[in-house]
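Asks: The structure is given below, and queries will be raised subsequently.
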Amino acid sequence: MVLAGLLPLAATISAQQAEQFKVATLNIDGLPQKILVINVNADGPGAEGTSRIGKYLMKKGYDIVCMQEDFNYHGVLTPWLEDDYLFDEWSGAVGIDLPDKKIDFLHLQNEQFDCDGLGAFWKKGISLSSAERVAWQELFGKFSHCNDELVKKGFRRYEMTLANGISLLVYNMHMDASDDLDELEGKAGPDRAARLSEWEQLKEDVLAHLDTRPIIIMGDMNSYYWRDQVKEKFIDEINATGRGQATDVWVELANGGEYPAYIGDSAESQGYVAENDEMLDKIIYINPASGKLIKAVSFDVDKEGYTYEGKALGDHYPVAATFEIVNSEKPTGIETVGTTGTNVEYYNLNGQHVGQPAKGLYIERQEKSSRKRIIK
């Protein structure tokens, strides 16, 4: 019995009856534009642009937002959101003139800012029971390769409960980056290896916390399916455990359910341009084998709304998804049988009625009950 190929768990439910919530992930490009007289992020949004990002997010009204690179302009971002949201802990800024950071200029190779740039905010009415910050075990590049080792990149894990009582695990992360020129010249192997290690570390943490709650994973993964083994080493391996079903929302709703093929470190991958709209930023969700279920019903990259005077507010567009909570009369277990039952109706995992099902996993509905059933 192999569950790796299963579609996201779902049940039939009308849009009128469904409870929905919206999430978004956004790298707000918050590195300082200058450190002393040195241009660091000269084309970044700066204080003025970050204030506009805060105003934009206030108008959007997402239920949960995960941010990356929230470094030096946190103070102008949050005032727009304080009336409606609660916030995660800010980990600090990057610079050489910070009151709580003294730079050892004689040993710069040992320097690292104790900030991850990660943060989240969620609407009042959603409760947070725990938040944990975890650093990546492997990064690459301190004064090259996008300088990942200068900050303490990693992920944050939140245990949240929606206003209706549904509990979720939410992950926010920023993975090791690749420089475009390094990728073009075939020199990004150490960056790809670091990201693979981070996906493995994330998988182990997810499996350690996977119970009866849905999991939503968001962030700037710096990953494309064609160059990083996200599907093979993360999604497929979680699905193969039979404990849950992991799905990328962009793949499910915007790419016809097809994951782009991995081409890895082949010569073809150097300077490769994908023929789709895959983003480095991703939203992946995991439904547990038993427990509450959610289903993605919309996916959006807000390229039109995230602008000012015709220019993007930052170098990443917001990636957003809407989820429905599957009704309480959902299947509560999986039963393996040799043949189909009698006096029952079958639905596929997208909620579509089927006649006589072939082999696979289906939702079997009787008059007063339903369950997940694997037809062998």
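Asks: What is the calculated FRET efficiency for Leu181 to Ala312, with r their C-beta to C-beta distance and R₀ = 30 Å, to the nearest 0.05?
Replies: 0.90
Asks: Further question: Take the Cα atoms of the stretch 129-239, build their convex hull, and give its volume per residue in Å³.
Replies: 104
Asks: Now a separate question. Check Tyr308: other-chain or 5+ apart residues with amide H under 5 Å from its amide H, H built from backbone geometry?
Replies: Those lying under 5 Å, H to H, from Tyr308 are Leu313.
Asks: Ok, one more. I'd like the Karplus ³J(HN,Hα) series for the stretch 201-208: coefficients 6.51, -1.76, 1.60, θ = phi - 60°, whole numbers in Hz, and an x wherever there's a Gly or Pro.
Replies: 5, 5, 4, 5, 5, 4, 5, 5
Asks: Would you kindly give the portion of the calculated P(r) for the stretch 189-279 that falls above 15 Å, as a percent of all Cα pairs?
Replies: More than 15 Å apart: 62 percent of the Cα pairs in the stretch 189-279.
Asks: Please list the non-local residues whose amide H lies under 5 Å from the amide H of Gly244, H modeled 1.01 Å from N, same-chain partners needing a gap of 5 or more.
Replies: Here the answer is Ala289, since their amide H atoms fall under 5 Å of that of Gly244.
Asks: Under 5 Å between amide H atoms, partner at least 5 residues away or on a different chain: which partners does Leu293 have, H built in plane at 1.01 Å?
Replies: Result for Leu293 returns Val326.
Asks: What ³J(HN,Hα) values, in whole Hz, does the Karplus curve 6.51 cos²θ - 1.76 cosθ + 1.60 give for the stretch 287-292 when θ = phi - 60°, with x put for Gly and Pro?
Replies: 8, x, 5, 9, x, 5
Asks: How large is the convex hull of the C-alpha atoms of the stretch 223-326 per residue, in Å³?
Replies: 115
Asks: Right, next: Could you check the simple spin-label distance between Thr241 and Gln20, using points 7 Å along Cα→Cβ, in nm with one decimal?
Replies: 3.1
Asks: Could I ask something else about it? Net charge around Val65, counting only other residues with Cβ within less than 14 Å of its Cβ (Lys, Arg = +1; Asp, Glu = -1)?
Replies: -3
Asks: Using every alpha carbon pair in the stretch 177-232, what percent of pairs falls into each 5 Å bin from 0 up to the bin containing the largest distance?
Replies: For the stretch 177-232, the binned pair fractions read 4, 16, 25, 23, 14, 8, 6, 3, 1, 0 percent.
Bear in mind these aren't lab numbers, they're just calculated from the coordinates by the rules spelled out. Just so you know, these numbers come straight off a predicted model, no measurement behind them. When we count neighbours, we look across all protein chains shown, and the Cβ atoms used for this are built from the backbone with ideal geometry, even at glycine.
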